[in-house]
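Read through the structure below, which is laid out as structure tokens, and then see the notes.
The values are calculated or read from the model by the stated rules, or taken from the named source; none is laboratory data. It should be emphasised that the depicted structure is a prediction, and the values quoted were computed from it without experimental measurement. Note that we place each Cβ from the backbone using ideal geometry, even for glycine, and neighbour counts take in every protein chain shown. Calculation scope for accessible area: heavy atoms of the full protein, side chains included, ligands and nucleic acids excluded. Shrake-Rupley method; radii C 1.70, N 1.55, O 1.52, S 1.80 Å.
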Amino acid sequence: MISISKLLCDLDAEGDGLRYDDAAGSTKHQISSERQRAPVVVWNATRRCNLACAHCYAAAETKPTAGEFSTVEAKRFLDELAEYGVPVVLFSGGEPLVRDDLVELVAYATEAGVRPVLSSNGTLLTREKAVALRDAGLRYAGISVDGMPDRNDRFRGRDGAFEAAIRGIEHCLEAGLKTGLRYTITGANASDLEDVVDLLVDVGLDRFCFYHLDYGGRGAEIVDADLSPTEKRAAVERLCDTTVDYHERGEEIETLLVGNYADAAFLVEYARRRFGAKRARAVYRFLERNGGDPTGERIADVDYRGNVHLTQFWQGYSLGNVRDRPFGDIWEDESNPLLRAIRDRDGRLTGRCGTCRYRSICRGGSRLRALATTGDPFAPDPQCYLDEDEIFGELAFESAT
Amino acid sequence: MGETKRRSRIESGDRANPWPQWEVFVRRDRSRPMRHVGSVAAKERAGAHEQASRLFGREAVDVWLCPAADVDRYSTRELGSDSGGETPPSSRDRTASTDDSSVEPTVESAGERS
């Protein structure tokens, strides 16, 4: 996760300590005073969902699914995450709000000392539910919207999904819940980026997370719907422009990019072009501390049947199952050669990723996209959009100093 | 020999998410034992072997696969000991049938509640 607003506009946020080891530089209450040691855990609390989104990595279904954690199992699981030092658990799905015990589990995570946050399509977030989640200690609600109304509803497989999501966002904001947008960028909706930001700023939202498409779950079936690398670069540039423009008008929106660490190098280049070498160097230093693609290190996923994955998109491979071993034991077990190799990937990256000047802030981008398109988890990320000069030339700020 | 530890059968043996899981075992060289390295998701054996080979082929002389649902697991671990079987929590809470299609949340009903 890369914060455009912090790197280009100096917006401090409560994730600065966690992501950039920069708690001291922030005026906001911090999730953690130091860079995380244990991963943020995405928990697919259920596979059930009331929508049928084209890009769903969990391939969620509207029908009930056997094998989900009972309330008792879920609480033991949350206890084990707390014991291991997991800083944040992201209740995800499917749609987590279809679980009747969600509020109870959010309260339990709060009590256990794991910061609970929510990923939802927003359509089930009534006013009462938003208040109950706030009272249970929910710290953040990320609501998915993937385009302006018609496009979003087509993508999500349900008429009225856009309006229902906006109502959910409004209920969260009214309840005083920190709330943000989740937007998966594809070829079908990239043209809506600015309009969606403008619309949701009017609703009262000030946090926007943009996800690049990764090739897991149902998303793997729509690889063709992904942007080309050139289009992706243009979309990221527009998001940078939008963020800077908002801040120059005095509106401090927070914008973040997820899922393609070519964005890290691009932000350094963007900073140099727009603000000069000094800013580019500062951006680079923050991104060094951030550490690049977090797969297998700073983020983990546990699916609705307890399988542990390298990220939420790696649903095709599981390190183990928390019904067999505690999460921390699975995550620490580097006798697994793939886990060890992913964590020690620098010398294994091949092609342009292996020699890229930016690999210390990118770490090769998505190993899953490489695996999905070439069969080799250490091949170049096919969605890296950097050009040859950026990859093989001098770092953006070196030539100017 | 010491006293045998008490182990319970882990009831939630089906790990499909929704794709069937195949437990993967690899042997790095002939002198070493097989090692469990997790599971891959695939509809059929050939697909599971292809996935396992992509992930572990460089480091293994042998790859064994076993359908995860066919593994009988006994453990001292308690996470799933009172899971109540294979029923999702929301439907377990209901006393009537588990036909959740009748309680499927919808956008429309969410709107009404709001």
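Solvent-accessible surface (1.4 Å probe) assigned to A:K6 amounts to roughly 10 Å². Here the calculated FRET efficiency for A:A234 and B:A46, from their Cβ-Cβ distance with R0 = 51 Å, stands at 0.80, rounded to the nearest 0.05. Note: relative contact order over chain A, using C-alpha pairs below 8 Å and six or more positions apart, is 17 percent. Over all other residues within a Cβ to Cβ distance under 10 Å of A:I391, the charged ones net out to -1, with Lys and Arg as +1 and Asp and Glu as -1. Inter-chain Cβ neighbour count for A:69-79, averaged per residue, equals 5 (cutoff 10 Å, partner chain atoms only). If r is the Cβ-Cβ distance from B:V61 to A:T355 and R0 is 45 Å, what FRET efficiency results, to the nearest 0.05? With R0 = 45 Å, the Cβ-Cβ based efficiency is 0.90. Every helix of 4 or more DSSP H residues in chain A counts as -39500 (n - 2.57), and over all residues that averages to -11500 deg cm²/dmol at 222 nm.
In the assembled protein chains, A:D293 presents an accessible area of approximately 10 Å² (probe radius 1.4 Å). Residue by residue through B:32-45, how many Cβ atoms from other chains fall within 10 Å of the Cβ on average? If you average over the peptide's residues, the count of other-chain Cβ atoms is 4.
Across peptide B:8-21, the average count of Cβ atoms from other chains found within 10 Å of a residue's Cβ is 5. Annotation: the antiparallel percentage among DSSP beta bridges lying fully within region A:2-347 is about 15. What's the FRET efficiency of A:T373 with B:T4 using the Cβ-Cβ distance as r and R₀ = 51 Å, to the nearest 0.05? So, using R0 = 51 Å, E works out to roughly 0.55. In region B:19-71, the alpha-carbon atoms span a convex hull of 64 Å³ per residue. In terms of distances greater than 24 angstrom between alpha carbons, the cross-link table entries A:K6/A:K232; A:K6/A:K129; A:K178/A:K278 yield A:K6/A:K129; A:K178/A:K278. Taking B:S39, B:S53 and ordering them by how much accessible surface each has at a 1.4 Å probe, largest first, produces B:S53, B:S39.
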